[in-house]
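Quick notes on the structure that follows.
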Amino acid sequence: MSSTMPMQEYISPGHMACPGCGAVLAMRYILNVLGEKTVVVIPASCWSVIDGVFPYSAVRVPLFHTAFETAASVASGIKAGLDIQGDTETTVLAFAGDGATFDIGFQALSGAAERNEDFIYVCYDNEAYMNTGVQRSSATPYGAWTTTTPVRHPKDRPKKRILEIMAAHEIPYAATASIAYPDDLSAKVKKAKGIYGTKFLHIFSPCPTGWKSKSSQIIKIARLAVHTKVFPLYEVENGFTFHINMEPKNIPVREYLKLQGRFAHLSEEDIADIQRQVDEEWEHLLKRALY
Amino acid sequence: MVERVLLKGNIAIAKGAIAAGCRYYFGYPITPQNDIPEYLSSELPKVGGTFIQAESEVASINMVLGASAAGARVMTSSSGPGISLMQEGMSYMAGSELPGLIVNVMRVGPGLGGIAPTQGDYFQATKGGGHGDYFNIVLAPASVQEMYDLAIKAFELSDKYRNPAMILCDAILGQMKEPVALEEAEEVTLEAKPWALDGSKGRKPQFLKTLYLSDGEQEAHNLELKEKYDRIREEEALFEGKGLGDCEIVVVAFGTVSRIVKTAIQMARKEGIKIGMIRPITLFPFPASIIRETAKKIPRIMVVEMNTGQMLEDVKLSIENGVKLGFYGRPGGGIPTPEEILKEIKVMLDEEGF
């Protein structure tokens, strides 16, 4: 089987992620495409630990740790700093978790997107604050257990539709991607690199630790997320042009939920409810895509 | 009946808050204090309370401010960068004289730092921290029992003076387990808050504000606040004294470090060296007068902290000329051993010709 993915690696062995971490694969695939002329900006997140203990780093490109809420602001500043020195070649990559993107860093991200700052912003989404011990975020899906949404009252609100929110800023490029489909992911990174302005990539990054799933099953879970329509792969250009990149196989959502302990408490009714929500969102997306 | 249970420090604070009648918690994840929101997310609903995980610390502290303005007993907890983000809200709370508990389980800094124990936020906690001319009431527990007791005390002082109160601790106190005596839960009756914004049916609307624009109005407000802080200084300073009767030197230390100093004192007594200790329990108000009076009798003081010398400045301001003042500090997550502390004390005593 051939692959369109570049083979040059920018992540070294010995990083500090948990076994089966989706976020490491996300960074690896992205840097494979972006190459060494990249500056990575990382707010407080799992990745502020994963890259290793200073002065060592598992990432072979320059990397800057920022405060939780500031990835997009610091990326804006670095880009301006490079511009003023005449460096138009280096890609600035903000690489933030869902907490830093959906919650605390959203103000900075929205501001940067409205100004159309020229960088790639990646949200690696593991659907909770994993680095601090699995607390809910506004990316946590409906019905999920976390340490602050205990089984007695699990999350009762849907996940924020971040891609549509970002697309609504009319930025040139916004796309979802999954670590289970590296060719699609790599193609999107390559496309983003070639566009001027704010590019937003929302990458589905399973977390076996926080999802109470097996490390060996994260790729399967990520594939199921796409094919149960829980996490469709699509892209939005200039705010309005929606393309669905992969036709889901329409697998019942139960198959996805049952591999994760964070959903173990759900009743048949709850699962039916989630199926209904997923179907509705898919219909909503189809309408946008046809538009 | 007093129940003794083995508890983690963070959980003891959460239990103390519930025992104090706090029913509202607003917070945001950050290590090493996550046990507090996690515990309260499951326990507060059981007692009819409300737990909200906010989208940031800015949101958390302003939810605290809002609930407090409505008259509720309310708290939040955080660490390092999160506490920094809360400073604006705390300044507004101090300015509009709103009570509320803020727990800071300190982590090392500056910047993202790390989660190791430290006392690096002493200045931020005790000197205001945000903008404007104000102080927080600051309590520094040194045991898991005190995490529980001082959580209750903090709410009482905070309501009494209509002023934000902070518990300043660290990862050791937050994460270690010790037996705690829990008072039998009584129905807590909170004193009425006639100033609260709870609708104006049948009375004139009232205001809570921090914006004073007329000539002299802000100055008058600040002077009123000063009078309150002076009263707090006068009436609320707490400390623990140990071996002050017959010692050659006095160590001043708070929180985690004071526990290590106690071991150093025991080791020294075996060698015939008599060391006393003053442990400030309130950092604001700072127990200046006991330090001043003690230093008149024993003019040798050693300050030990897990920072590069912050409480040291308050000790300096407490003593008069002629007192020999030493300092030993370990910043950035360094934890002094009893041997190190004893060695530093011996060096100081040698210099003094003991």
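The values are calculated or read from the model by the stated rules, or taken from the named source; none is laboratory data. Worth saying up front: this structure is predicted, and the values here are computed from it rather than measured. Cβ placement follows ideal geometry from the backbone for every residue including glycine, while neighbour counts extend to all protein chains displayed.
Within region A:161-179, being crowded, with 18+ Cβ neighbours inside 10 Å and either outside any loop (DSSP other than H, G, I, E, B) or within 11 Å of chain B (Cβ to nearest Cβ) (or both) holds for A:ILE162, A:LEU163, A:MET166, A:ALA167, A:TYR173, A:ALA174, A:ALA175, A:THR176, A:ALA177, A:SER178. Are any of the residues in region B:179-186 farther than 30 Å from B:GLU88 by Cβ, surrounded by 14 or more Cβ atoms within 10 Å (Cβ to Cβ) and over 12 Å from the mean Cα position of the chain (by Cα)? Yes; the residues of region B:179-186 include at least one that is farther than 30 Å from B:GLU88 by Cβ, surrounded by 14 or more Cβ atoms within 10 Å (Cβ to Cβ) and over 12 Å from the mean Cα position of the chain (by Cα). Select from region B:48-84 the residues that are assigned to a helix (DSSP H, G or I), among the polar types (S, T, N, Q) and either facing another protein chain (nearest Cβ under 9 Å) or in contact with a Cys (Cβ under 7 Å, 6 or more places away or on another chain) (or both) and list them in ascending order. Once the filter is applied, which keeps residues that are assigned to a helix (DSSP H, G or I), among the polar types (S, T, N, Q) and either facing another protein chain (nearest Cβ under 9 Å) or in contact with a Cys (Cβ under 7 Å, 6 or more places away or on another chain) (or both), region B:48-84 yields only B:SER84. Selection of region A:112-146 for residues being over 27 Å from A:LYS190 (Cβ atoms), within 14 Å of another protein chain (Cβ to nearest Cβ) and either surrounded by fewer than 22 Cβ atoms within 10 Å (Cβ to Cβ) or not hydroxyl-bearing (Ser, Thr, Tyr) (or both) yields A:ALA128, A:MET130, A:ASN131, A:GLY133, A:VAL134, A:GLN135, A:ARG136, A:SER138, A:ALA144, A:TRP145. Taking region B:215-271 as the range and being touching a Pro at 6+ places or on another chain (Cβ under 8 Å), of a type in the set (Val, Ile, Thr) and within 20 Å of B:GLU313 (Cβ to Cβ) as the test, the residues that pass are B:ILE232, B:VAL252, B:THR256, B:VAL257, B:VAL261. Does B:ILE265 satisfy the condition of being touching a helix residue (DSSP H, G or I) at 6+ places or on another chain (Cβ under 9 Å), assigned by TED's automatic domain parsing to the domain that holds B:SER318 and over 21 Å from B:VAL347 (Cβ atoms)? When the stated conditions are applied, B:ILE265 does not pass them. Report, by residue number, each residue of region A:10-29 that is of a type outside the set (Gly, Ala, Ser) and either at pLDDT 95 or above or in contact with a helix residue (DSSP H, G or I) (Cβ under 7 Å, 6 or more places away or on another chain) (or both). If the condition is that a residue be of a type outside the set (Gly, Ala, Ser) and either at pLDDT 95 or above or in contact with a helix residue (DSSP H, G or I) (Cβ under 7 Å, 6 or more places away or on another chain) (or both), then A:TYR10, A:ILE11, A:HIS15, A:MET16, A:CYS18, A:PRO19, A:CYS21, A:VAL24, A:LEU25, A:MET27, A:ARG28, A:TYR29 are the ones that fit. Only strands (runs of 3 or more DSSP E) whose full extent lies in region B:129-202 are considered here, and the ones with at least 3 residues that are farther than 19 Å from B:ILE18 by Cβ and of a type outside the set (Phe, Trp, Tyr) are B:164-170. The residues of region A:97-111 that are more than 9 Å from every other protein chain (Cβ to nearest Cβ), more than 19 Å from A:VAL189 (Cα to Cα) and either touching a strand residue (DSSP E or B) at 6+ places or on another chain (Cβ under 7 Å) or free of Cβ contacts under 8 Å to residues at least 24 places away in the same chain (or both) amount to a single one, A:ALA100. Among the candidates A:PHE68, A:PHE64, the residue that is within 14 Å of chain B (Cβ to nearest Cβ), over 22 Å from B:GLU57 (Cα atoms) and aromatic (Phe, Trp, Tyr) is uniquely A:PHE64. The set of residues in region B:12-27 that are over 12 Å from B:GLU183 (Cβ atoms) and crowded, with 24+ Cβ neighbours inside 10 Å comprises B:ALA12, B:ILE13, B:ALA14, B:ALA17, B:CYS22, B:TYR25, B:PHE26, B:GLY27. Remark: B:ILE30 matches the filter, which requires a residue to be at pLDDT 95 or above, facing another protein chain (nearest Cβ under 7 Å), surrounded by 19 or more Cβ atoms within 10 Å (Cβ to Cβ) and touching a helix residue (DSSP H, G or I) at 6+ places or on another chain (Cβ under 9 Å). Restricting B:GLU38, B:GLU88 to residues that are assigned to a helix (DSSP H, G or I), more than 22 Å from A:THR140 (Cα to Cα) and within 14 Å of another protein chain (Cβ to nearest Cβ) narrows the list to B:GLU88.
Remark: pairs (first residue in region B:184-209, over 18 Å from B:LEU65 (Cα atoms); second residue loosely packed, with under 13 Cβ neighbours inside 10 Å and among the hydrophobic types (A, V, I, L, M, F, W, C); Cβ separation under 9 Å; 6+ apart in sequence or on different chains) = B:GLU184/B:MET1; B:GLU184/B:VAL2. Of the residues making up region A:163-181, those that are touching a Ser or Thr at 6+ places or on another chain (Cβ under 7 Å) and closer than 14 Å to A:CYS123 by Cα are A:LEU163, A:ILE179.
Find the residue count for region B:93-116, including only residues that are more than 14 Å from chain A (Cβ to nearest Cβ) and either without any contact (Cβ under 8 Å) to a residue 24 or more places away in the chain or surrounded by fewer than 22 Cβ atoms within 10 Å (Cβ to Cβ) (or both). Result for region B:93-116: 2. Checked against (1) touching a helix residue (DSSP H, G or I) at 6+ places or on another chain (Cβ under 6 Å); (2) closer than 30 Å to A:ALA71 by Cα, A:PRO248 passes all but condition (2). Of the strands (runs of 3 or more DSSP E) that lie entirely inside region A:181-291, those containing 2 or more residues that are at pLDDT 95 or above, touching a strand residue (DSSP E or B) at 6+ places or on another chain (Cβ under 9 Å) and aliphatic (A, V, I, L, M) span A:198-204. Does region A:73-92 contain at least one residue that is touching a residue at least 12 places away in the same chain (Cβ under 8 Å), assigned to a loop (DSSP other than H, G, I, E, B), surrounded by 14 or more Cβ atoms within 10 Å (Cβ to Cβ) and within 12 Å of chain B (Cβ to nearest Cβ)? Looking through region A:73-92, none of the residues is touching a residue at least 12 places away in the same chain (Cβ under 8 Å), assigned to a loop (DSSP other than H, G, I, E, B), surrounded by 14 or more Cβ atoms within 10 Å (Cβ to Cβ) and within 12 Å of chain B (Cβ to nearest Cβ). Right, A:PRO13: farther than 28 Å from A:SER213 by Cα, assigned to a loop (DSSP other than H, G, I, E, B) and more than 12 Å from chain B (Cβ to nearest Cβ) or not? For A:PRO13, the condition - farther than 28 Å from A:SER213 by Cα, assigned to a loop (DSSP other than H, G, I, E, B) and more than 12 Å from chain B (Cβ to nearest Cβ) - is not met. For region B:306-327, give me each residue that is surrounded by 20 or more Cβ atoms within 10 Å (Cβ to Cβ) and closer than 14 Å to B:THR118 by Cα. B:MET306, B:ASN307, B:GLN310, B:MET311, listed by residue number.
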